[in-house]
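Beneath this line is the structure, given in structure tokens, with notes to follow.
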Amino acid sequence: MAGEAHTPSGVAGRYATALFELAKEEKALDVVEANLLRVNTALDASPDLTRLVKSPVFSAEEQACALEGVLGEIGIEGLTRNFLLLVARNRRLFAVPDMITAFRAMLARERGETSASIIAATKLTETQVTALKQALQAALGKEVMLDERIDPSLLGGLIVKVGSRMIDSSLRTRLNSLKVAMKEVG
């Protein structure tokens, strides 16, 4: 797709590329993807885990120790576990959500798919996800892999990102636009 980044950049991109190459070498791309999705789900579900990942207050040892317990609890083993613990020891845990996104984008490219990021105010139902996926596939002419995130601050609606394109139909954005329009009028 035109405008889609071919090489992830920054810390997240470098780590995601390393994980992708290792997983490909070990023929474990699907296993690593499933593990990363479980980690992503855990991050979305737990404000405490998100705080652990993003806060610079915790030492590398504290982050690694806590993360080891969480990974055991959600059943993450092997390459993904070792990778995430290395990330924690290197004080790069804050970049894990971006690493997951970059990994999934590389995997989509490997499979000949397009990745799309969906941010919603609440968890989408399976029917909604299927309808959204079908609409994106029809528009793009490619298989689409969705990366779903939840952001309650949107209040309602969706933000859909495909490559460099973004469609923001969130209630928060619409209310902000209305607020700006009201200021201009009066």
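Would you mind computing, in nm to one decimal, how far apart the modelled labels at N176 and A131 are, each placed 7 Å from Cα along Cα→Cβ?
Placing both labels 7 Å along Cα→Cβ, they lie 2.6 nm apart.
About the Cα centre of the stretch 10-103, what is the dipole size in debye to 20, counting +1 per Lys and Arg Cβ and -1 per Asp and Glu Cβ, all else neutral?
280 debye
Suppose the Debye formula is applied to equal point scatterers at every Cα of the chain; what is log10 I(q)/I(0) at q = 0.08, 0.10 Å⁻¹?
-0.30, -0.46
How large is the charge dipole for the chain, taken about the Cα centre, if only the Cβ atoms of Lys, Arg (+1) and Asp, Glu (-1) carry charge, to the nearest 20 debye?
With only Lys, Arg, Asp and Glu charged at Cβ, the dipole is about 620 debye.
State whether the stretch 90-169 is rounded, prolate or oblate according to the following rule on the C-alpha gyration tensor (a ≥ b ≥ c being the square roots of its eigenvalues): a/c under 1.5 gives rounded; otherwise a/b larger than b/c gives prolate, and the remaining case gives oblate.
oblate
For the stretch 10-103, what does the alpha-carbon gyration tensor say about shape, rounded, prolate or oblate, given a ≥ b ≥ c as the root eigenvalues, a/c under 1.5 as rounded, and a/b over b/c as prolate?
Prolate is the answer for the stretch 10-103, as a/c is 1.5 or above and a/b outweighs b/c.
Place a +1 charge on the Cβ of each Lys and Arg in the stretch 113-185 and a -1 charge on the Cβ of each Asp and Glu, then give the dipole magnitude about the Cα centre in debye, rounded to the nearest 20.
The calculation lands at about 280 debye.
Only the coordinates and a few stated rules stand behind these numbers; no lab work does. The shown structure was predicted, so the numbers you read here are calculated from the model rather than taken from an experiment. Please note: Cβ atoms are built from the backbone with ideal geometry, for glycine as well, and neighbour counts cover all protein chains shown.
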